[in-house]
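J.: Below you'll find the structure I mean.
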Amino acid sequence: MGIIGNEIINLEEIDSTNRFFMDWLTREKPEEGTLVITDFQTAGKGMDGAKWESERGLNLTFSFVLYPAFLAPEAQYNLNKTISLGLIDLVQELLPGRDDIRIKWPNDIYIGNHKVAGTLIQNGVKGSVFDFSVIGIGLNVNQMAFYGEAANPVSLKMVAGQDFVLSELLEKAVNCIEKRYDLLKMGHMQEIDRDYLKLLFRIGQLASYTYKEKKIEAKITGVNRYGYLILEIPGEKIIECDLKEIKFEI
């Protein structure tokens, strides 16, 4: 039996499941794998700080805590890859036959050009030890209309044309993430790297981006060991950029 979800705390409403854990960790260490899920977040955030829009009771919004001390602090991004792969495994299972399910760097899940899931990972490091990781996940499930800041959201129901049972989806999500996390713990980085790159949105395709407020045409060629996106501007140069420097034009 896995560790993720060994204890589940159900909350009707909270500002943010990630903030719940970050506050908790200032007082004590929850048991590893403890999961908090809520019907409604009043202040859910994505990785870029944008508000995460989710109607009450229609989607999955949850966080859990891990203590990946086996990872060196400089290898934190391997956890991002692992969680992304767990989520994409889930979406592929729910939407069999689709070949357009991808990981948009750094760890969003896309169906075509539309975002179905996002992840916010907050890590703590003590000295040379990877102390904790709080992993927040938002998955658009049964919501049929979006009105917030996000430009291109989609839900599983909008794609599949059917309702999904949230409790069943949570169990599937936990199982998919746990399987990938087990690979990470066993040191199977070659498999994780291979699958992440293979499923990366726009890998090897010439596309439009805004890089340091300048429009460019470039190809994604990979991700470096620190999680920076590697792009090739044909005939010019290779650039490595972080989340604040690059914007996808979709």
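The values are calculated or read from the model by the stated rules, or taken from the named source; none is laboratory data. What you see is a predicted model, and the numbers here were worked out from it, not measured in a lab. We place every Cβ from the backbone using ideal geometry, glycine too, and count neighbours over all the protein chains shown. The accessibility values were calculated without ligands, DNA or RNA, using every heavy atom of the protein model including side chains. Shrake-Rupley method; radii C 1.70, N 1.55, O 1.52, S 1.80 Å.
J.: Expressed as a whole percent, how much of the Cα-Cα distance distribution for the stretch 58-154 exceeds 19 Å?
T.: Details: 2136 of 4656 pairs.
That tail contains 46 percent of the Cα-Cα pairs.
J.: Let me ask something else. Over the chain, consider all pairs of different Cα atoms and compute the Kirkwood hydrodynamic radius from their mean reciprocal separation; express it in Å, one decimal.
T.: Hydrodynamic radius (Kirkwood, Cα pairs) of the chain is 18.6 Å.
J.: Okay, next question. List the pairs from 29/244; 179/244; 104/179; 179/247 whose alpha-carbon separation is above 27 Å, in the order I gave them. Let's see the in-between values first.
T.: Values: 29/244 31 Å; 179/244 31 Å; 104/179 21 Å; 179/247 31 Å.
Beyond 27 Å between Cα atoms: 29/244; 179/244; 179/247.
J.: Considering only protein heavy atoms and a 1.4 Å probe, what is the carbon-and-sulfur percentage of the accessible area of the chain?
T.: 48
J.: Enumerate the calculated ³J(HN,Hα) couplings along the stretch 120-130 in order (Karplus 6.51 cos²θ - 1.76 cosθ + 1.60, θ = phi - 60°), each rounded to whole Hz, writing x wherever the residue is Gly or Pro.
T.: These are the phi-based 3J(HN,Hα) values: 10, 10, 10, 10, x, 10, 10, x, 9, 10, 6 Hz.
J.: Any idea what Rg and Dmax come out to for the stretch 145-250 if you just take the C-alpha atoms, in Å?
T.: Radius of gyration, then largest Cα-Cα span, for the stretch 145-250: 17.6, 51 Å.
J.: Classify the stretch 1-137: rounded, prolate or oblate, from the alpha-carbon gyration tensor (a ≥ b ≥ c, eigenvalue square roots; a/c under 1.5 rounded; otherwise prolate if a/b is larger than b/c)?
T.: oblate
J.: Any idea what the dipole of the stretch 33-168 comes to, in debye rounded to 20, about its Cα centre with Lys/Arg Cβ at +1 and Asp/Glu Cβ at -1? Let's see the in-between values first.
T.: Details: 10 positive and 14 negative charges, 40 e Å.
Rounded to the nearest 20 debye, it is 200 debye.
J.: Something else: How large is the accessible surface per residue of the stretch 1-108, computed with a 1.4 Å probe and reported in Å² as a whole number?
T.: Each residue of the stretch 1-108 exposes 43 Å² on average to a 1.4 Å probe.
J.: Okay, next question. From the helices alone, meaning DSSP H stretches of at least four residues, give me the mean residue ellipticity at 222 nm for the chain, per-run term -39500 (n - 2.57), in deg cm²/dmol to the nearest 500.
T.: On the way: 5 runs with 62 residues, N = 250.
About -8000 deg cm²/dmol.
J.: While we're looking at this one, here's another question. Over the stretch 129-250, with the other protein chains present, what is the accessible area per residue in square angstrom, probe 1.4 angstrom?
T.: 54
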